[in-house]
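Structure first, then comments.
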Amino acid sequence: MNIVITGSLGNIGNPLTELLVTGGHQVTVISSKPERISAIEELGAISAIGSMQDVEFLTKTFSGADAVYLMEAWEGIGSLFDNTIDFPAEFRKIADNYVQAVQRSGVTKIIHLSSIGAHSDQGTGSLLVHHNVEKVLGTLPDNVSIKFMRPVGFFSNVYRWLPMIQSKGAIIQSYGGDRKEPWVSPYDIAQTIAEEMEMPFIGRTVHYVASDEVSPNEIAEALGKSIGNQDLKWKVISSQELLNQMLSAGINEWIAKGMVAMQQAQGNASLYEDYYLNKPVLGKVKLGDFAKEFAEVYHNKINS
């Protein structure tokens, strides 16, 4: 197949490109950064350098493709510390651009990276943007088949806690405890998408993706053990305290409030209602596997 991938060589794009190229597909990787060309071509893929805001570029790149993988990257929109950015509006703009490019190019097979929480427009905090993008893509003509991939929380997002773990000796959030919740590795997401590329595309379907189900306390225990800090704990503070900390750090107000609301939905498990009604087969990467990877990154950071 001739497959186009958006999102450059990120946590998912890199392994996904490798899997598809190894599977014998012709892969074109869209990136906004010319310095990514060599890395893309080293994987055996074709580079297409341009902007998600350029509908003509997207249309030209999508043309002739058998299938396209669509995603929206927070980092591609701007810094989470930029209070001038209207993230919901920017996500919608990219979705609108995708709709135009898909229709103009004639592509009829789409895999879209959405998210847990996209099932609802209520109580999911900043994940609302994914619900909105799914709605926009849903306006495409019926002959365009779409597989909405809804991964749960990324193990790789735990790396954002590295400074906190180093300076505070704890993981500090506004929820916690022993209730298990689903987590996913980008490698399992890439594997699932690669497999779905080769399966029939029929109408509009939703696919949840998860690797393991573990509690906050289990995460703290596993990470602590992996880095040699048996005392590492998952500490719970109030939602207001967490919000104040994020706002004081300069995080975009909409993002900060959205993250607090999302954590409330994690804490009471409402975020996972639709996931448990449509629970997938868990992937290969477990918490123990991620903890080993985390320890390597943690010690490299300390020793650098």
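The values are calculated or read from the model by the stated rules, or taken from the named source; none is laboratory data. Values in this document were obtained by computation on a predicted structure and should not be read as measured data. Quick reminder, even Gly has a Cβ in these numbers, built from the backbone with ideal geometry, and neighbours come from all protein chains shown. Accessible surface areas use protein heavy atoms only, side chains included; no ligands, DNA or RNA. Shrake-Rupley method; radii C 1.70, N 1.55, O 1.52, S 1.80 Å.
Miscellaneous remarks
- Test: residue in segment 187-209 that is crowded, with 19+ Cβ neighbours inside 10 Å, among the charged types (D, E, K, R) and out of contact with any Lys or Arg (no Cβ under 9 Å at 6 or more places or on another chain): no
- Flag for Val209 being of a type in the set (A, V, I, L, M, F, W, C), touching a residue at least 12 places away in the same chain (Cβ under 8 Å) and touching a Pro at 6+ places or on another chain (Cβ under 6 Å): yes
- Long-range neighbours under 9 Å by Cβ, at least six apart or interchain, first residue closer than 20 Å to Thr108 by Cβ and among the polar types (S, T, N, Q) within segment 50-68, second assigned to a helix (DSSP H, G or I) and open to solvent by 60 Å² or more (accessible area, probe 1.4 Å): Thr59/Gln100; Thr59/Gln103; Thr59/Arg104; Ser63/Arg104
- Candidate set from segment 22-42 (those that are open to solvent by 40 Å² or more (accessible area, probe 1.4 Å) and under 26 Å from Pro200 (Cα atoms)); member that is farthest from the chain's Cα centre (by Cα): Gly24
- Extreme residue, most open to solvent (accessible area, probe 1.4 Å), among residues of segment 164-186 that are part of a helix (DSSP H, G or I) and in contact with a helix residue (DSSP H, G or I) (Cβ under 9 Å, 6 or more places away or on another chain): Gln166
- Subset of segment 81-136 [of a type outside the set (Asp, Glu), open to solvent by 60 Å² or more (accessible area, probe 1.4 Å) and either part of a loop (DSSP other than H, G, I, E, B) or modelled with pLDDT under 95 (or both)]: Phe81, Asn83, Thr84, His119, Gln122
- Residue-level check: of (1) within 30 Å of Val107 (Cβ to Cβ); (2) in contact with an Asp or Glu (Cβ under 9 Å, 6 or more places away or on another chain), Ser174 misses just (1).
- Segment 1-72 holds helices (runs of 4 or more DSSP H) entirely within its bounds, and those carrying 2 or more residues that are among the aromatic types (Phe, Trp, Tyr) map to 55-62.
- Single residue of segment 273-295 satisfying the filter (over 16 Å from Ile219 (Cα atoms) and charged (D, E, K, R)) that is surrounded by the most Cβ atoms within 10 Å (Cβ to Cβ): Asp274
- Subset tally (residues that are without any contact (Cβ under 8 Å) to a residue 12 or more places away in the chain, farther than 20 Å from Asp121 by Cβ and under 21 Å from the mean Cα position of the chain (by Cα)) for segment 241-282: 1
- Taken as a whole, the structure leaves Phe57 outside the set of residues that are open to solvent by less than 40 Å² (accessible area, probe 1.4 Å) and under 30 Å from Ala249 (Cα atoms).
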